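> One structure is given below, represented as structure tokens, and several questions about it will come after.
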Amino acid sequence: MGGSLLVLAGGTAGTLARYGVEQSLPAGGGMPWGTLTVNVTGALVLGLVLGALAARGAETPARRAARLALGTGVLGGYTTYSTFAVEADRLVRDGSPAVAVAYVAVSLVAGVVAALVGLRLGGRTAPTSGGSAAPVDPDGDSAATPDPSPNAAPDPASDDGRSR
């Protein structure tokens with residue numbers, strides 16, 4: 001299946017899942033709980049997926065298909081930045097600026113923390129092969145390059161003391 005079809009199929013599934021979550025979590029106290037839930041859980045699962053793929057090594061056709069279907073497709077359809085922005089604006093316009101600020105702050109902090117937790121946990125799912133893992137480029141443009149390990153021994157021949 002081509003990349004576009006993987007994204008389409010995954011996006012359809014993710015959008016339906018988001019709809020289900022948002023229907024089951026009504027806004028209480030003005031807070032858009034459904035959107036907050038899908039964005040934070042989506043960040044966690046995206047971290048898990050990308051962490052697991054990165055821990056398995058360089059991208060292969062199968063890993064690319066998984067990244068496109070799950071990351072770009074399912075989780076791209078599941079999460080929603082546009083609804084987040086519109087809801088924050090609506091809260092301000094409806095006279096609840098404090099709720100809007102709390103919503104934005106919680107969404108951003110919880111989303112970043114969830115993604116970091118997911119990356120860490122996802123990286124632990126790969127079987128140990130003794131080799132180093134290559135980073136997975138979430139955009140698929142193959143521009144990601146591994147950074148030198150912060151724990152690497154300095155190379156005395158280099159200018160900055162870091163190994164290359």
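> For segment 3-123, state the average projected area of the convex hull of the C-alpha atoms over all orientations, rounded to one decimal in nm².
Computed as one quarter of the Cα hull surface, the answer is 7.4 nm².
> Another question about this same structure. For segment 35-87, what is the convex hull (Cα atoms) projected area averaged across all directions, in square nanometres? Show your work: numbers first, answer last.
Working: hull surface 13.9 nm².
Answer in nm², one decimal: 3.5.
No lab work stands behind these numbers, since they all come straight from the coordinates. The model shown is predicted, which means the values in this text are computed figures rather than measured ones.
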